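S.K.: Quick one: structure below, then a few questions.
We did not get these values from a lab; they are worked out from the coordinates using the rules stated. Nothing here was measured: the structure is a model prediction, and the numbers come from that model. Here the Cβ positions follow ideal geometry from the backbone for every residue, glycine too, while neighbour counts run over all protein chains shown.
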Amino acid sequence: MDNGASSYLRFLNGDNEGFVELVTEYKDGLTLFINTIIRDIHISEEAANEVFLKLYVNRPKYKSGYSFKTWLYTIGKNTAVNYMKKFRKIRYSSIEDMCYIPDETDLESDYIKDQQRILIHQSLKALKAEYAQVLYLVFFEEMTPAEAAKVMKKSPKQTSDLIYCAKKALRAEMERRQANG
């Protein structure tokens with residue numbers, strides 16, 4: 001049983017510290033994964049909070065057929081899709097689009113430290129959402145392609161092909177950005 005699963009099981013058995021461990025361990029990564037779908041970090045943070053609220057209130061049963069992280073990210077993906085449906089009709093401009101306001105606690109800046117990671121992150125944002133999602137799951141969250149396939153609801157072959165195409169697209173986008181300075 002992986003660490004997340006044991007923390008969740010402890011929480012289900014009444015140990016609230018298990019829930020705190022889950023949030024501490026998975027919140028940042030889950031938020032950044034959801035951001036590959038929603039593409040707005042603030043709404044992604046809200047969606048990640050909703051995932052943890054669902055766990056806390058509904059206490060869904062964890063299916064140990066795959067890793068806890070895979071199970072959690074699947075819930076996160078479904079929540080993100082629901083947010084996209086909800087906000088699809090709403091058109092708005094974020095304040096960041098109108099003026100630059102430095103955010104000292106910017107989650108993305110804390111997570112991405114060096115120039116190469118910043119370039120990768122910016123390039124990921126420019127890719128199709130599906131490409132960004134599979135690369136994020138496999139390379140940043142270190143999921144196996146099979147686990148990523150479960151989260152993305154694809155076959156292992158589809159995921160393998162998607163990883164290949166996504167890496168190729170990422171390489172091209174990074175080269176384009178480096179050439180443009």
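S.K.: Efficiency by 1/(1 + (r/R0)^6): what FRET value for SER64 and SER155, r their Cβ-Cβ distance, R0 = 30 Å, to the nearest 0.05?
M.R.: Between SER64 and SER155 the formula returns 0.85.
S.K.: Any chance you could tell me what percent of the C-alpha pair distances in region 113-181 go past 13 Å?
M.R.: Cα-Cα pairs in region 113-181 separated by more than 13 Å: 62 percent.
S.K.: Along the Cα-to-C-beta direction of LYS27, a point sits 7 Å from the Cα; which residues of region 64-78 have their amide N less than 17 Å from that point?
M.R.: 73, 76
S.K.: Still on this model: DSSP loop (so not H, G, I, E, B), at most 10 other Cβ within 10 Å: list which chymotrypsin sites (Phe, Trp or Tyr not before Pro) in region 1-95 pass both filters.
M.R.: TYR92
S.K.: Need the full-extension length gain, ASP40 to LEU53, defined as separation in residues times 0.36 nm minus the C-alpha distance. One decimal, nm.
M.R.: Extra length from ASP40 to LEU53 when fully extended: 2.7 nm.
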